[in-house]
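Computed from the coordinates by the stated procedures, all read-outs in this text should not be read as laboratory data. These numbers were taken from a predicted model, which means no experiment stands behind them. Neighbour counts are summed over all protein chains in view; Cβ atoms, including those assigned to glycine, are modelled from backbone coordinates with ideal geometry.
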Amino acid sequence: MPSVFLEVIELVDVVKADGRREPFVREKVTVSALKSGAPPEEARAIGEAVERIAYDGMPSGEIRRRVLEQLHDRNPEWEENWRIYDRAVKKRGAAAVGLPAR
């Protein structure tokens, strides 16, 4: 009889700035990393790294900070690309992501 491995996935909710809760979706992190210039394998690694540290009730701002840390550690240009996108498209400044302005 073949053995069956089941992966237990813990459902984690993220708390948005307005208090809403929504499920953590690793693919959102991965897509953000891709849009920042990370190649697919690096973007997936960033998504997995953030997913490993995610916990139920984690504020979305903390996820943002963790993504930025991962981007910076791999390539500071990717972090800067993310910041530019965030300011231009999402209209968020440094204060909104809890980081000093550059």
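Packing, as the average of other Cβ atoms within 10 Å across residues, places the peptides 53-64, 17-28, 34-45 in the order 34-45, 53-64, 17-28, highest first. Rounded to the nearest Hz, the phi-derived 3J(HN,Hα) couplings of the stretch 11-19 under the Karplus curve 6.51 cos²θ - 1.76 cosθ + 1.60 (θ = phi - 60°) are 7, 10, 9, 9, 9, 6, 4, 8, x, where x marks glycine and proline.
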